[in-house]
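Notes follow once the structure below has been shown.
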Amino acid sequence: MHDRQLARGDRRAREFDAFVTGAAGRLLHTTTLLTAEAPDANVRAQRLLTLALAHTYARWHRLHGEDPYDCARRYLATRFARATWHRYGPLGRARPDPRGPLASLTAQERLVLVLRLYEGVAEEQAAALLGLPAERVHALCDRATAALLHPAKPTAVSGAGAKVVPS
């Protein structure tokens, strides 16, 4: 009995190692987009990925044909949403590292945009995962896409404190 448990544990470790080898790069990129950190300075993203992989490993024997990548992605999304809610409130207005490619978006917009466009999650699935109506997910994705395609022009401030709008 003990030998069988050891063999099962070894097989589980090999399967998980193969999963991590294949999926860790994409998952790290996903978490880096979510946290809006620069790719070369993504400490929060690495921590979030570590938590997601640990969660997936803990559930490995209960997946029973379920996609482990989907399990890790669901955990990433819910953990990110929950942490952002607790840290910054419901709208997640805090601005991350300005060098990140999605730094101009709110946390909720980043989450929806990454799930829908980068990860290819269907609108209804993203809505169910985030506990939002599908119409809200659609609106957030549209707003985030528009904000990235047509960024607001920055306003300059003169020395006297009056705003000067560049022409």
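Given a 1.4 Å probe and the protein chains as shown, Glu15 ends up with an accessible area of around 80 Å².
How high is the FRET efficiency between Arg59 and Leu149 when r is their beta carbon distance and R₀ equals 35 Å, given to the nearest 0.05?
Details: r = 38 Å, r/R0 = 1.09.
About 0.40, to the nearest 0.05.
In this rough spin-label picture, where each label sits 7 Å from Cα along the Cβ direction, the Thr50-Ala7 distance is 3.5 nm.
Note on Glu124 and Arg82: the model spin-label points, each 7 Å out from Cα along the C-beta direction, lie 2.7 nm apart.
The values are calculated or read from the model by the stated rules, or taken from the named source; none is laboratory data. Note that the structure is a prediction, hence the values are computed from the model and not measured. Neighbour counts are summed over all protein chains in view; Cβ atoms, including those assigned to glycine, are modelled from backbone coordinates with ideal geometry. Just so you know, the surface numbers come from the protein's heavy atoms only, side chains and all, with ligands and any DNA or RNA stripped out. Shrake-Rupley method; radii C 1.70, N 1.55, O 1.52, S 1.80 Å.
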